[in-house]
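A.B. asks: Sending over a structure as structure tokens; questions will come in a sec.
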Amino acid sequence: MRTLPACLLLVIALTTPAVQAAPPSVQKRQERRTETRALAREVLAGRLPVPTAVSRLRILREEAYAAALIAEELPQVLEPRRLRDVTAVLAGLETRTAEPALVGLAGHEDSAVRMYAVQGLGKVRSRRVDVMLPLLEDKSLGARREAARALGATGNPQVGKALLTAARAESDPQTRVMMLEAVGASGDKKQAPGLKAFLDDSSESTRFAAARGLCLLGVPEGFSFARKLLSSEDKHVRRQGLALYEGVSAKQSAAVLRPLLEDKDRALAAGAARVLYQGGDKTMMSWLVLASWNAQGEEKLTYEKELETLHLADDERKALLRKAGVVK
């Protein structure tokens, strides 16, 4: 067998990628990116269901890389149904890298594409309100709903007036509900009088949405509405009252919610602890963990349901239990 010259062997050695010589962390990243490229091709070809594609790409933790690959090939995706799925995947990746592509897709002629695009803009809390505001008047119900949700997520007071105007003109009850809640999420306190007017609406869901918007704005009338629900004898009505405090700071809600930690309805107590935690009271995580530790049967499941919502890791749970002195 002919032996290659030493100089040629050296050239081959220098120009061959040293994958095996790379550190394990680099090799792992290369493997993830290789798999991500393969999945991106499957998405673009329309061979993967949207939930499966999003789940697998997020597990790889290469969302930004996947979004860049997909966005680059978007002009080649012409079939409407496939473009809808590709847009839904971009939205589901929840990465800022996808924002430019989603901005472009928000003006697409296909209503489902517009809906998924603005949904994605909401998930990354895009500031492109100039793109989202026109969709409040979109002919597509789904696009209007997602536009309301996305605009609320901006926390931009400048969109509050447009949301309230759209809510007044909206014929679909559920979409109107989302618009009213988004007014509160926008933080525009100037719209409080307009929201208060909806507290007398004939629709229960509209009244509830207006109260929620007012609570998010920190307006007394909203909290008064919530306290009335919490004073009910019906546990379902009381849980509705608690739901009005979702997204409200612990500083504003503590006086009402902390007493609920001793309530006989343990689902209400557990929910109050979670809302307080999400509102900034970090002691409530320990409260939930210890309550679950000491509970049994269905009551334990009540606390675990709230902890699951907070995505508590096992090592964090163990650390809190050790700190409380119940485990070593």
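A.B. asks: Leaving out ligands, DNA and RNA, and with a 1.4 Å probe, what % of the accessible surface on region 156-244 is carbon or sulfur?
C.D. replies: Numbers: 2080 of 4180 Å².
Carbon and sulfur: 50 percent of the exposed surface of region 156-244.
A.B. asks: Right, next: Ranked by accessible surface with a 1.4 Å probe, highest first, in what order do Ile59, Ile70 come?
C.D. replies: On the way: Ile59 120, Ile70 0 Å².
The ordering from most to least exposed comes out as Ile59, Ile70.
A.B. asks: Still on this model: Ignoring any ligand, DNA or RNA, what whole percent of the accessible area of region 33-154 comes from carbon and sulfur when the probe is 1.4 angstrom?
C.D. replies: Numbers: 2850 of 5930 Å².
Taking all protein chains in place, region 33-154 shows 48 percent carbon and sulfur surface.
A.B. asks: Expressed in nm², what is the orientationally averaged projection area of the convex hull enclosing the Cα positions of region 122-200? List each step's numbers first, then the result.
C.D. replies: Values: hull surface 18.2 nm².
With the hull built on Cα positions only, its mean projection is 4.6 nm².
A.B. asks: Got a sec? Charge dipole of region 275-328, +1 on Cβ for Lys and Arg, -1 for Asp and Glu; which of Trp287, Val275, Leu321 is way out at the positive end?
C.D. replies: Towards the positive end, the residue furthest out is Leu321.
A.B. asks: Would you mind getting the accessible area per residue of region 172-219, heavy atoms of the protein chains only, 1.4 Å probe, in Å²?
C.D. replies: Values: 1820 Å² over 48 residues.
So region 172-219 comes to 38 Å² accessible per residue, rounded to a whole number.
A.B. asks: OK, next. What is region 105-253 by shape, rounded, prolate or oblate, if you read a ≥ b ≥ c off the alpha carbon gyration tensor as root eigenvalues and call it rounded for a/c under 1.5, prolate for a/b larger than b/c, and oblate otherwise?
C.D. replies: prolate
A.B. asks: Need the C-alpha centroid separation for region 255-324 versus region 65-127, integer Å.
C.D. replies: 37 Å
A.B. asks: Still on this structure, I have one more. Please list, in chain and number order, the residues 5+ apart from Leu48 or on another chain whose amide H is under 5 Å from its amide H, with Hs placed from the backbone.
C.D. replies: Counting only residues 5 or more places away or on other chains, the set is empty.
A.B. asks: Give the Cα extents of region 256-327 along the principal axes, in whole Å, largest first.
C.D. replies: The Cα atoms of region 256-327 stretch 30, 29, 21 Å along their principal axes.
A.B. asks: Shifting gears a bit: Return a single number: how many Lys pairs in region 256-327, at a sequence separation of 8 or more or on separate chains, have alpha-carbon atoms below 18 angstrom apart. Present the calculation step by step, with values, prior to reporting the outcome.
C.D. replies: Numbers: Lys264/Lys300; Lys264/Lys305; Lys282/Lys305; Lys282/Lys318; Lys282/Lys323; Lys300/Lys318; Lys305/Lys318.
The result is 7.
A.B. asks: Express the relative contact order of region 256-327 as a whole percentage, based on alpha carbon pairs under 8 Å and six or more residues apart in sequence.
C.D. replies: 24 percent
A.B. asks: For a test of the definition: using alpha carbon positions, the gyration tensor, and the 1.5 limit on a/c, classify region 86-172 as rounded, prolate or oblate. Each step should come with its number before you reach the end.
C.D. replies: On the way: a/c = 2.15, a/b = 1.35, b/c = 1.59.
Oblate, since a/c reaches 1.5 and b/c is not below a/b.
A.B. asks: Averaged per residue, what accessible area in Å² does region 252-298 show with a 1.4 Å probe, protein chains only? Before the final figure, lay out each step's value.
C.D. replies: Values: 2230 Å² over 47 residues.
Averaged over the residues of region 252-298, the accessible area is 47 Å².
A.B. asks: With a bin width of 5 angstrom, please list the P(r) values of region 223-268 as percents of all Cα-Cα pairs, from the 0 bin to the one holding the largest distance.
C.D. replies: 5, 23, 36, 26, 9, 0
A.B. asks: Report the Stokes-Einstein translational diffusion coefficient (µm² s⁻¹, integer) for region 201-323, Rh taken as the Kirkwood radius over Cα pairs, at 20 °C with viscosity 1.002 mPa s.
C.D. replies: Working: Rh = 15.0 Å.
The Stokes-Einstein estimate is 143 µm²/s.
A.B. asks: Could you please tell me the mean projected area of the C-alpha convex hull for region 156-244, averaged over all directions and given in square nanometres to one decimal?
C.D. replies: Details: hull surface 20.6 nm².
Projected over every direction and averaged, the Cα hull of region 156-244 covers 5.2 nm².
A.B. asks: So which chymotrypsin sites (Phe, Trp or Tyr not before Pro) in region 254-328 are both in a DSSP loop and have at most 15 other Cβ atoms within 10 Å of their Cβ?
C.D. replies: Numbers: sites: Tyr277, Trp287, Trp293, Tyr303; in loops: none.
Filter output for region 254-328: empty list.
A.B. asks: Based only on the alpha carbon positions, what is the Kirkwood hydrodynamic radius of region 33-154, in angstrom?
C.D. replies: Numbers: mean 1/r = 0.0716 Å⁻¹.
By the Kirkwood definition, the hydrodynamic radius is 14.0 Å.
A.B. asks: Also, I was wondering about something else. Considering only protein heavy atoms, with the full assembly of protein chains and a 1.4 angstrom probe, order Met132, Met115 by accessible area, largest first. Don't skip to the answer; put the middle values down first.
C.D. replies: Details: Met132 0, Met115 45 Å².
If we order Met132, Met115 from most to least accessible, we get Met115, Met132.
The values are calculated or read from the model by the stated rules, or taken from the named source; none is laboratory data. For clarity, every value in this text was computed on a predicted model and none was experimentally measured. As a convention, Cβ positions derive from the backbone with ideal geometry for all residues, glycine included, and neighbour counts pool all protein chains shown. What goes into the accessible areas is simple: the full protein's heavy atoms, side chains included, and nothing from ligands, DNA or RNA. Shrake-Rupley method; radii C 1.70, N 1.55, O 1.52, S 1.80 Å.
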